[in-house]
Amino acid sequence: RAFSMTGSAMNKLYSWEGGNVYTEWAKFRHRQSIWKVLYSNGIKDFKIYNAMIWENFAYTYNLFLQGQVPSIDNNACRFKGMLSEFKEDAKNGNLPAFSFLEPFWIAKTGTTSYHPKANLVPGEVALNEIYETLKNSPKWNDTLFVITFSKGGGIYDHVAPPKGVKAWANDAVNGFHFDQLGERVPAIFVSPWIKKNTVIRSGVDTPFDGTSFAATLLKWFGIPKGKWALGNRIDTAPTIESLFQETVARKDAPTL
């Protein structure tokens, strides 16, 4: 999760989903996120949409954006909202250039993140609702819907994960240097510009990883790598342009 939004694990081995570390996180200096890079380069057309509030905070905004740009915090409603607002914005063709959706990711019932031990059906329903909303949006032909996960779900993989590029030279905790990739996680891309049954690989020695999403985004916005300042892994991450092989937008949008 942190790699995909900041280019690194912020030199932490553990999750900070609760307690004082979580609630006080925004008050202390930490590495910038992709949203800070966008804003610093004059790109303000983005929004984080949450399906839930976790311990009185919008989770993604609290950990990865709050406290980094005072002018954003002073006008937070412009840069964060709830999933219901996303659906309304999509319906009316008013989505920003970059929308980030945070699911209802942990609960005894009703979680939509496919979290272990939970019923998967609410996740399937929620995903289909988002897809149908986008498919019927007046901006569908200009949309790429990216579906990915922060964990592999514990499913066995017969291929050992390779080494990864170290994000920052001095990152190390208890002898671990953040240069080992984990298990493969799903990444699904939905767009009328993608041919049916498309499967892609990076085509280079470096495989796609969690930073490929952010690298692609910053590249598309035309921000030079010299202005990213998110570490070496994201600088070397392969991007996903090879997805788009159609020359005319498809009209046969599938039903999920």
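Select from segment 2-53 the residues that are among the charged types (D, E, K, R) and either modelled with pLDDT of 90 or more or more than 26 Å from G226 (Cβ to Cβ) (or both) and list them in ascending order. Within segment 2-53, K12, E17, E24, K27, R31, K36, K44, D45, K47 qualify.
Restricting to segment 52-74, name every residue that is aromatic (F, W, Y) and free of Cβ contacts under 8 Å to residues at least 24 places away in the same chain.
Once the filter is applied, which keeps residues that are aromatic (F, W, Y) and free of Cβ contacts under 8 Å to residues at least 24 places away in the same chain, segment 52-74 yields only Y61.
Considering only residues in segment 133-158 that are more than 18 Å from K91 (Cα to Cα) and open to solvent by 70 Å² or more (accessible area, probe 1.4 Å), the one that is farthest from the chain's Cα centre (by Cα) turns out to be H158.
Take the conditions (1) closer than 18 Å to E102 by Cβ; (2) modelled with pLDDT of 95 or more; (3) of a type in the set (S, T, Y); Y59 misses just one of them, which is (2). Take Y114 and decide whether it is under 20 Å from A51 (Cβ atoms), in contact with a helix residue (DSSP H, G or I) (Cβ under 7 Å, 6 or more places away or on another chain) and not hydrophobic (A, V, I, L, M, F, W, C). Judged against the criteria, Y114 is a match. The conditions of being more than 23 Å from S212 (Cα to Cα) and in contact with a strand residue (DSSP E or B) (Cβ under 6 Å, 6 or more places away or on another chain) are not met by A26.
On the given criteria, is K27 within 15 Å of the chain's Cα centre (by Cα) and open to solvent by 30 Å² or more (accessible area, probe 1.4 Å)? For K27, the condition - within 15 Å of the chain's Cα centre (by Cα) and open to solvent by 30 Å² or more (accessible area, probe 1.4 Å) - is not met. Scanning segment 111-132 for residues being in a loop (DSSP other than H, G, I, E, B) and either touching a residue at least 60 places away in the same chain (Cβ under 8 Å) or open to solvent by 40 Å² or more (accessible area, probe 1.4 Å) (or both) gives a total of 7. Of the residues in segment 28-36, none is of a type in the set (V, I, T) and in contact with a Lys or Arg (Cβ under 7 Å, 6 or more places away or on another chain). All of V185, V173, V146, V190 fail the test of being in contact with a Phe, Trp or Tyr (Cβ under 7 Å, 6 or more places away or on another chain), under 28 Å from G231 (Cβ atoms) and in contact (Cβ under 8 Å) with a residue 40 or more places away in the chain, apart from V146. Scanning segment 149-163 for residues that are out of contact with any Asp or Glu (no Cβ under 7 Å at 6 or more places or on another chain) and either without any contact (Cβ under 8 Å) to a residue 60 or more places away in the chain or aliphatic (A, V, I, L, M) (or both) yields a total of 10.
Pairs meeting the criteria (first residue in segment 208-225 and without any contact (Cβ under 8 Å) to a residue 60 or more places away in the chain and open to solvent by less than 40 Å² (accessible area, probe 1.4 Å), second residue assigned to a helix (DSSP H, G or I) and not acidic (D, E), beta carbons under 7 Å, at least 6 apart or on different chains) are A215/I234. Taking the condition more than 20 Å from V185 (Cα to Cα) and touching a residue at least 12 places away in the same chain (Cβ under 8 Å), does K166 pass? The answer is no for K166. Flag: T198 does not match the condition of being among the hydroxyl-bearing types (S, T, Y), within 16 Å of the chain's Cα centre (by Cα) and closer than 30 Å to H115 by Cα.
Being hydroxyl-bearing (S, T, Y) and surrounded by fewer than 18 Cβ atoms within 10 Å (Cβ to Cβ) holds for only one residue in S71, S99, and it is S71. For segment 190-213, does any single residue satisfy the condition of being in contact with a strand residue (DSSP E or B) (Cβ under 6 Å, 6 or more places away or on another chain), modelled with pLDDT of 95 or more and of a type in the set (F, W, Y)? Checked segment 190-213: at least one residue is in contact with a strand residue (DSSP E or B) (Cβ under 6 Å, 6 or more places away or on another chain), modelled with pLDDT of 95 or more and of a type in the set (F, W, Y).
The values are calculated or read from the model by the stated rules, or taken from the named source; none is laboratory data. Quick caveat, the model's predicted, so the values are computed rather than measured. Because the Cβ atoms are built from the backbone with ideal geometry, glycine has one as well, and the counts that use them run over all protein chains shown. Heads up: the accessible areas ignore ligands, DNA and RNA and are worked out on the full protein's heavy atoms, side chains in. Shrake-Rupley method; radii C 1.70, N 1.55, O 1.52, S 1.80 Å.
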